[in-house]
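Undergrad: Have a look at the structure that comes next, please.
Quick note: the coordinates plus some simple rules give every number you see, no bench work behind them. It should be emphasised that the depicted structure is a prediction, and the values quoted were computed from it without experimental measurement. So basically every Cβ, Gly included, is an ideal-geometry build from the backbone, and we count neighbours across all protein chains shown.
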Amino acid sequence: MIQQTVARLLPLSPSNQFWIITNDDLRLAILKQLPKLPKQQVLAEPVGRNTAPAIGLAAFLLLREDPKAVIGMFPSDHVIAD
């Protein structure tokens, strides 16, 4: 599902602008599934705290990286069909 999510977003932005927030259990698997994504852009929460804190972390890090960036949230566990 993570590969499908990234594939859907590629027409909007290059993958080097994607950031993925996950948990420690999935980080290595995601890195294997998305080898072109910069490793430092796949972040793992040390302790899962649900979606809202993960979004807050992503917003904080993105603001620090690029204050003019646009942020969007695209959960990979939601199936979006044609």
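Undergrad: Before rounding to the nearest 500, sum -39500 (n - 2.57) across all DSSP H runs of length at least 4 in the chain and divide by the residue total; then give [θ] at 222 nm in deg cm²/dmol.
TA: -12000 deg cm²/dmol
Undergrad: Output wanted: per-residue J couplings in Hz (rounded whole) for segment 23-37, from phi through Karplus 6.51 cos²θ - 1.76 cosθ + 1.60, θ = phi - 60°, x for Gly and Pro.
TA: Karplus-based 3J(HN,Hα) across segment 23-37 equals 10, 4, 5, 9, 4, 5, 5, 5, 4, 5, 6, 10, x, 7, 6 Hz.
Undergrad: Springs between alpha-carbon pairs under 10 angstrom, Gaussian network model over the chain: which of LEU12, LEU62, LEU37 fluctuates most?
TA: LEU12
Undergrad: Quick one: which residues, 5+ away or cross-chain, put their amide H under 5 Å from the amide H of THR22? H built at 1.01 Å from N.
TA: HN-HN under 5 Å from THR22: LEU43, ALA44, GLU45.
Undergrad: Considering all projection directions equally, how large on average is the shadow of the alpha-carbon convex hull of the chain, in square nanometres?
TA: 5.5 nm²
Undergrad: Hey, if you put +1 on the Cβ of every Lys and Arg and -1 on every Asp and Glu Cβ in segment 2-82, which of LEU26, PRO11, THR51 ends up farthest toward the positive end of that dipole?
TA: PRO11
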